[in-house]
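Enquirer: The following block contains the structure, expressed as structure tokens.
Every number here is computed from the coordinates shown, using simple stated rules; none is lab data. Because the structure is predicted, anything quoted here is derived from the model rather than measured. Note that each Cβ is placed from the backbone with ideal geometry, even for glycine, and that neighbours are counted across all protein chains shown.
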Amino acid sequence: MKTGFDAEKLMFLSLVLWSCPALGADEVDRKIAAADTIIVEVFGEKDFSVERRVEAGGTIVYPFLGNVEVAGKTTLQVVTELKEKLEKDYLVTAQVSVNVKEYTRWTVAVLGEVAGRVGPIKLPGEKQMDIVEAIAEAGGFTSNANKNKIQLTRNGQTTTYKFDELRKVSDPRKKVWLEPGDIVYVPERIF
């Protein structure tokens, strides 16, 4: 196994960076999930400022409001929801902030013909990761990689993608975002 960067890896990484457009924060923010720990602060209101671990059902118990669904939402979406609910019944103006103190440790597996680290790749805390980024994180392709048959297995279902098509996707709604437990497999090219 070689270490360091060679010309092919450097070209691969530059293609990945070039093909990733600037995105709005809400388009790539990682969504809150069960077992994450979040901090909700309401400026000047100690009774409404709390730290909570998200329950398995995706909710937190929030003062005066009871169970509030937070899983599957970004921090900005939770801020908006809490602000609306607090201003409806409790506060004239609520200045709410929501931060994730600790994300659940999520990983995906990247296997096959990748040049660096084969195995688990930790998903980033605050943003989503797509297949192209995961392969780059694993060191890019080996010279034997079949870039036209990248496989993504999720919940027992396998879908095949072509690398060039994946890297051309600029619309964040059309990207293939990875989820915990996904397996990305890069097969060997048949000569």
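Enquirer: What number do you get for segment 37-102 when its Cα radius of gyration is normalised by 2.2 N^0.38 Å, N = residues?
Expert: After normalising by residue count via 2.2 N^0.38 Å, the value is 1.00.
Enquirer: Mind listing which trypsin sites (Lys or Arg not before Pro) in segment 76-143 are in a DSSP loop and have 16 or fewer other Cβ atoms within 10 Å?
Expert: On the way: sites: Lys83, Lys85, Lys88, Lys101, Arg105, Arg117, Lys122, Lys127; in loops: Arg105, Arg117.
Passing both the DSSP loop test and the Cβ count: Arg105, Arg117.
Enquirer: Of Lys85/Lys122; Lys46/Lys127; Lys127/Lys174; Lys147/Lys168; Lys73/Lys101; Lys73/Lys168, which pairs sit farther than 23 Å apart, going by alpha carbon to alpha carbon?
Expert: Lys85/Lys122; Lys46/Lys127; Lys73/Lys168
Enquirer: Just to check, using Stokes-Einstein with a Kirkwood Rh over alpha carbon pairs, what's the diffusion coefficient of segment 54-160 at 10 °C and 1.306 mPa s in µm²/s?
Expert: Roughly 93 µm²/s, to the nearest whole number.
Enquirer: Where does the charge balance sit around Val40 when Lys and Arg score +1, Asp and Glu -1, over other residues with C-beta under 15 Å from its C-beta?
Expert: Neighbour charge sum, excluding Val40 itself: -4.
Enquirer: Per residue of segment 116-123, what does 6.51 cos²θ - 1.76 cosθ + 1.60 with θ = phi - 60° give for ³J(HN,Hα)? Whole Hz please, x for Gly and Pro, Karplus curve as stated.
Expert: x, 8, 8, x, x, 10, 6, 6
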